[in-house]
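Down below is the structure, laid out as C-alpha cells.
The values are calculated or read from the model by the stated rules, or taken from the named source; none is laboratory data. Just so you know, these numbers come straight off a predicted model, no measurement behind them. Ideal geometry is used to build each Cβ from the backbone, glycine not excepted, and the neighbour counts take in all protein chains shown.
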Amino acid sequence: MEFKRPVYSQIFDRLYQKSPFIQVISGPRQVGKTTLIKQLFDETHWNGIYAIADGLSHDAIWIESQFNAAMIQQQADPDTSVILAIDEIQKIPRWSETVKRLYDQQKFSGNTSVQLILLGSSNWLLQQGLSESLAGRFEQWNIDHWTFQELHEAFNITPEQYVYFGAYPGAMPMITDEDRWKSYVKQSLIETVITKDVLLMHRIEKPALLRRLFELGTQYSGKILSFTKIMGQLQEAKNTTTLSHYLELLDHAGLLTGLQKFAMDQARKRNSSPKWQTMNNALMSSLHDYTFEQIQSDKKTWGRWVESAVGAHLLSHRGNDLNVYYWNESNAEVDFILDYRGRYIALEVKLTTDRISGLNAFTKHFNPSKIYQLDSSGLSWQQLIAMDPRGLF
C-alpha cells in the first residue's frame, strides 16, 4: 500500500463531502501532486479523468473538451460522481476564464456531479488566474516538500539522511548510489524546474543570471548576505531589483528563498538583507562534492547542513498562521524566529561553538514567548524535524 500524506486525506474528505468548490492544488514538482490524484482515483467513490496540459497545443477548447468528456462519463453512471483533474493548468492561456464559464454553467443547471481539481507547479501563475476570474469559487491547497516524518514513515530514512539527501521522495530509492542520486536531482529536478516552471513561464531577460543566482544562493544556504554582496559574485547582475525578482521566482518554484530579518514593522523586514535558505537540502548536497560520509566528519560544515535542514523543515510548515524569519544585531544572531498568530519564539541551532548565540540579546529586545537552543542537552535537532513546529509554542 502506498504511503498517503496527511494532506491527501484532508483533500479526500472535501471530495467525499461533495464540496461545491473547485479544489486547487499547487506545489513544487516532485512533492506528490500526481501521486495524490492516482491514489484518489483508486477510490471507489467516484470515476476520474486525469488530463495534463503539458503541450504547446493545449488551449481553452481543450479544457472544454475534457469537461464535456467528464459530463458524458457522469451521464453514463448517474449514481457516481466524476472528478476531472487537470494538471499544469497554468500553462494554458486564459485558462481561468474558461474554467469559470464551465463551472458557472454547471452550477446554474443544478448538476454539480463533475468535481473539478486544478493542479499546478507554479503557485504564482495559479494565483493570477484565481484572483482574476475564480474568486469565491475555489478552495486552495498548497502542498510543500515532504517532511522528515513523512519520509521516515514511507522510506525509513534517518534524520542524518534527511539532512544530506533532502526530501524528494522520487530520489529516495537512489540514495545508496550517490553519483546516480546527484545526477537525478540535478537533471530531473533542478533542470526541469528551472527550464519548465521558471524560464518558460516568465519573462526572464537573463536566464544565465537566474541559474547562477540559484546555484550561488543554494551554496550560501544558512548565511546572511545582501544582494549587493551577491552582485559582486555575479558579473551579469546590473541591479539588486532584478536579483530580488529572480529570487522571488525561485521561491515560487520551491527551490530557494530569502528569509527576512525579524522586526516589528514591515518596512524593516522588507529592507533587510536576506538569509539564503534552500527549500530542500537535496538541492544543496547535489551541487557539492561532499559525500554523505565526508560531510558528517566535518563538524563545522555538518552544522551548516543541519541548520539548513532545520530551515527547510520550518519552511515546509509555513502558511497563513506561521511565518519564519531570522534575527541579527552586531555580532549576535538567532538562526530562526517563528511567528505564530502574533506570538513568536527564538530558535538557535547550536552544534558548534564558532558563533556567539544571540538568544540573550534577542530576549532583551523582544521578550519572546519561548526560546530554544537545539543541542544535545535539551531539545535536539532530530526531535525538532520530527514535529510540527507549531508544537513549540
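Yes or no: the stretch 258-273 includes at least one residue that is within 18 Å of the chain's Cα centre (by Cα), among the basic types (Lys, Arg) and surrounded by fewer than 22 Cβ atoms within 10 Å (Cβ to Cβ). Spell out the reasoning first.
Of the stretch 258-273, the ones within 18 Å of the chain's Cα centre (by Cα) are 258-260.
Subsequent filtering for residues that are among the basic types (Lys, Arg) retains none.
The answer is no; no qualifying residue exists.
Only one of these conditions is not met by Gln30: (1) in a helix (DSSP H, G or I); (2) of a type outside the set (Lys, Arg); (3) surrounded by 18 or more Cβ atoms within 10 Å (Cβ to Cβ). Which number is it?
(1)
Within the group Ser96, Ser57, which residue is closer than 28 Å to Thr192 by Cβ, out of contact with any Phe, Trp or Tyr (no Cβ under 9 Å at 6 or more places or on another chain) and modelled with pLDDT of 90 or more? First the steps, then the outcome.
Working: Ser57 fails: modelled with pLDDT of 90 or more.
After ruling out the rest, the residue left standing is Ser96.
Pairs under 8 Å by beta carbon, first residue closer than 21 Å to Ala167 by Cβ in the stretch 249-265, partner of a type in the set (D, E, K, R), six or more apart or different chains?
Close Cβ pairs (under 8 Å, with a partner that is of a type in the set (D, E, K, R)) amount to Ala253/Asp197; Gly254/Arg29; Gly254/Asp144; Thr257/Asp251; Gly258/Asp251; Gly258/Lys275; Leu259/Lys275.
Would you say Tyr344 is closer than 24 Å to Gly217 by Cβ and either surrounded by 17 or more Cβ atoms within 10 Å (Cβ to Cβ) or of a type in the set (A, V, I, L, M) (or both)? Write out each step before concluding.
On the way: closer than 24 Å to Gly217 by Cβ: no; either surrounded by 17 or more Cβ atoms within 10 Å (Cβ to Cβ) or of a type in the set (A, V, I, L, M) (or both): yes.
Here the answer is no, as Tyr344 does not meet what is asked.
Mind listing just one residue for me: the one in the stretch 230-247 that is touching a residue at least 24 places away in the same chain (Cβ under 8 Å) and in a helix (DSSP H, G or I) and, of those, surrounded by the most Cβ atoms within 10 Å (Cβ to Cβ)?
So in the stretch 230-247, the residues touching a residue at least 24 places away in the same chain (Cβ under 8 Å) come out as 234, 236-237, 242-243, 246-247.
Filter once more, so that each one left must be in a helix (DSSP H, G or I): 242-243, 246-247.
On the way: Thr242: 20, Leu243: 22, Tyr246: 25, Leu247: 22.
Among those residues, the one meeting the criterion is Tyr246.
With the structure loaded, tell me whether Phe108 is assigned by TED's automatic domain parsing to the domain that holds Leu250 and of a type in the set (Phe, Trp, Tyr) or whether it fails that test.
Spelling it out, it is not the case that Phe108 is assigned by TED's automatic domain parsing to the domain that holds Leu250 and of a type in the set (Phe, Trp, Tyr).
Restrict the check to the stretch 156-176 and report whether at least one residue is at pLDDT below 95, among the aromatic types (Phe, Trp, Tyr) and crowded, with 16+ Cβ neighbours inside 10 Å.
no
Out of all the residues in the stretch 282-325, which are assigned to a helix (DSSP H, G or I), charged (D, E, K, R) and farther than 24 Å from Gln30 by Cα?
Filtering the stretch 282-325 down to residues assigned to a helix (DSSP H, G or I) leaves 282-286, 292-297, 299-315.
Retained after the next criterion (residues that are charged (D, E, K, R)): 293, 299-300, 304, 307.
Passing the criteria: Glu293, Lys299, Lys300, Arg304.
Given the criterion exposed (fewer than 13 other Cβ atoms within 10 Å of the Cβ) and among the acidic types (Asp, Glu), identify the matching residue among Asp335, Asp321.
Testing whether each residue is exposed (fewer than 13 other Cβ atoms within 10 Å of the Cβ) and among the acidic types (Asp, Glu) leaves just Asp321.
Among residues belonging to the stretch 93-150 that are acidic (Asp, Glu) and under 27 Å from Ile72 (Cα atoms), point out the one that is surrounded by the fewest Cβ atoms within 10 Å (Cβ to Cβ).
Ranking the candidates gives Asp104 first.
Under 6 Å between Cβ atoms, which residue pairs at least 6 apart in sequence (or on different chains) link something in the stretch 338-349 that is closer than 17 Å to Lys364 by Cβ with a partner that is of a type in the set (Ser, Thr, Tyr) and not in a strand (DSSP E or B)?
These pairs meet every condition: Ile345/Ser369.
Just give me the residues in the stretch 177-213 being assigned to a loop (DSSP other than H, G, I, E, B), among the basic types (Lys, Arg) and surrounded by fewer than 14 Cβ atoms within 10 Å (Cβ to Cβ), in sequence order.
Matches in the stretch 177-213: Arg203 only.
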